[in-house]
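Since every read-out is calculated from the coordinates, none of them should be taken as a lab result. The structure displayed is predicted, hence computed values, not measured ones. Don't worry about glycine lacking a Cβ; one is built from the backbone with ideal geometry, like all the others, and counts go over all protein chains shown.
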Amino acid sequence: MLTLVPACLRKFALLIALATPIITACGGSDSTPTPPAVAGTLAVVVTPAAVSVVPGASGASAATITRGGSFTGDVALSSEGAPAGVTVSFGSPTLGAGVTSSTVSVAVAASYTSTVPVAIAIKAAGTGVTTAAATLTLTVTAAAIPTLAVSVAPAPVAVVSGASGSTTAMIVRGGGFAGVVTLASTVVQGGITVALTPPTIPADSTTRTIGIAVAGSVPAGSYPISISATGTGVAASPAVFNVTVTAPVVGSSVTLSYCAADAPIWVAYQDGSGPWTRVSATGTNSYTFSISSGKAGIATVDTVGTGYDLNVTYATTAEMNGFGTTLALGACGTKTVNGSVANVSNAQFANITLGYSSKFVLPIASSAFTLTDVASGPQDLFAARLTAATQRVDKIILRRGIDIANGGSLAVLDFNAAEAFAPATANVTISGLGADTAVVATLFNGLRGSTFGILGTFADYVGSSGAVPFDAVPAAQLASGELQQLYAIADAAGSSTSTRFSGVYFRAPTNQAIAFGPELAAPTVTRDASGAYSRTRVVLGAQAEYNRFLTASYSQSSANRAASVTATQNYLGSSTWDLTLPNLSGVTGWTNTWGLLNGTGIDWNVSASGGALHQLDSSIADGTVFRTAQRSSASPLP
């Protein structure tokens with residue numbers, strides 16, 4: 001039977017059928033679908049990616065892993081490709097959760113000989129991730145060969161028959177050798193003996209003095225000496241130098257030696273009050289002459305630009321030979337040495353002294369510096385870092401017996417490095433100033449120069465200042481024989497023509513006292529212009545505080561002429577200084593235009609010194625005082 005559905009009902013049924021999928025999609029279960037899993041990843045790198053190792057040694061790198069995605073598990077490190085004789089190990093072969101790096105050590109057997117670079121795979125593996133790999137390149141280099149070299153300077157060495165001399169042996173270690181070196185000498189000529197005391201050079205040193213004694217029976221001539229140097233597992237080619245033996249001079253022999261930069265163009269000597277006699281060089285800028293009276297005069301002429309400087313010195317024979325030793329210390333030279341400082345701020349500066357060459361370094365301009373006129377042979381280096389505002393030192397570096405080649409460079413002077421040390425501090429009290437004010441400085445005195453290593457200064461000390469602090473090198477940092485100076489300079493109040501100097505030599509930085517002497521008495525300075533050149537005269541009564549040494553200096557700046565006359569109290573032997581420039585017109589080789597010119601004004605300066613003096617004393621005791629006073633001309637001599 002055909003049943004008819006009303007049209008309205010058919011429409012309703014259609015709506016129900018259409019709505020059913022929508023209801024089903026929006027209703028039913030309310031659970032959220034699970035997202036797909038993210039895969040884990042693993043990566044490894046080695047830093048550095050290449051190492052260089054000598055046979056019998058080890059190198060190191062570092063393996064660093066990176067976990068990614070869902071991987072957070074343990075990682076196992078391994079290596080692949082290392083040849084026989086090469087062993088790779090890991091500080092941590094398994095890296096647990098949160099650990100990302102391990103040391104990679106590569107050990108090379110002493111018997112390994114190949115120098116072909118080797119690629120070693122460093123692998124990282126974990127559960128559920130692809131194994132990662134990085135390449136570590138190993139290069140095996142030949143083992144360093146220890147080296148040792150020895151040289152001698154100065155050479156040749158000139159020695160008078162029956163006398164002695166010295167030079168210095170210098171060694172250079174290389175190739176990893178850093179041990180003790182033993183020196184030995186070979187002498188062919190009988191009567192010449194060599195002393196190496198001691199014959200060993202410790203690991204922290206590079207020089208040894210060579211003493212040479214020549215018997216009176218050795219004839220004049222040139223004789224070779226060989227110096228060998230050996231260490232554990234290493235030997236140097238011998239250094240051969242000559243000893244030039246000269247015949248002794250009748251009477252007491254005096255030898256004066258000048259470095260090349262200060263070599264005079266003319267030299268003459270006077271035996272006692274005898275005639276002046278020209279003397280020629282007996283070696284390289286070395287002059288030897290005979291004195292029978294026990295005292296002598298020496299006159300030299302130097303060129304200064306287009307002008308001339310005449311210097312005359314009067315002293316006993318012993319003092320003259322002392323001057324020769326002083327002149328040979330190396331107060332000048334021809335080398336240039338470069339360097340730089342580190343850890344010196346713009347509010348600080350550095351004072352660098354190598355032998356007798358010095359430089360102030362201002363980092364605000366440059367941390368690099370160049371020292372000029374550095375003497376050959378071993379020198380002491382003194383370096384101090386000072387605060388610009390206070391002029392006080394806070395760090396010091398001392399290097400002894402170094403010899404840098406011409407144009408070479410010092411190791412960086414790092415004031416924060418282990419070799420730098422802090423100064424010691426003590427107090428000083430100054431008396432005898434009166435109404436004057438003083439500038440005070442502390443100086444370091446090295447054995448090979450470095451006389452003017454400045455540790456600090458302070459100015460405007462007055463009598464009411466009391467005890468004030470000063471800085472110095474700690475006693476534990478001083479080598480045998482080294483001293484320091486506490487030095488004060490006072491200008492007379494309201495005068496520019498009178499100055500006093502006073503100080504004390506000391507070793508350990510303890511509290512010190514400096515007492516000024518009186519002002520220098522006014523000297524009488526006159527001029528004799530009747531000859532071919534002007535001869536000046538100074539007359540001054542000796543004062544107890546300044547009774548060892550007197551110098552009168554004269555200058556004609558407009559004419560580029562200068563002259564000086566110096567005498568010791570031992571030479572004069574009287575209580576009055578009376579010194580006149582000598583008349584040298586009749587001496588061989590003398591030229592009158594070298595002297596002070598007539599018709600031109602002469603400025604003068606007269607100074608007298610007492611106490612301990614470097615110029616006169618071969619050794620100076622701890623605690624010894626020194627004083628100098630000087631007067632200058634207020635107007636030129638007409």
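Summary table
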{"read-out": "Partner aspartates and glutamates for Lys123 [C-alpha distance under 16 Å; skip if fewer than 8 residues away on the same chain]", "value": "Asp74, Glu80"}
{"read-out": "For Pro264, net neighbour charge (Lys/Arg +1, Asp/Glu -1) across residues whose Cβ lies under 11 Å away", "value": "-3"}
{"read-out": "Calculated [θ] (222 nm, deg cm²/dmol) that DSSP helices of n ≥ 4 give over the chain, each run adding -39,500 (n - 2.57)", "value": "-1500 deg cm²/dmol"}
{"read-out": "Proximal aspartates and glutamates to Lys335, defined as alpha-carbon separation beneath 18 angstrom and excluding residues fewer than eight positions away on the same chain", "value": "Asp262, Asp373, Asp380, Asp403"}
{"read-out": "Net charge of Cβ neighbours under 10 Å - reference Ala629; Lys, Arg +1; Asp, Glu -1", "value": "+1"}
{"read-out": "Set of aspartates and glutamates with alpha-carbon distance to Lys295 below 20 Å, sequence-local pairs under 8 removed", "value": "Asp271, Glu319, Asp578, Asp617"}
{"read-out": "Kirkwood-type radius of region 117-247, with distances r between different C-alpha atoms, in Å", "value": "18.0 Å"}
{"read-out": "Neighbourhood charge, 11 Å Cβ-Cβ cut-off, centred on Glu545 and excluding it, Lys, Arg +1 and Asp, Glu -1", "value": "+2"}
{"read-out": "Cα centroid of region 56-115 to Cα centroid of region 386-407, whole Å", "value": "45 Å"}
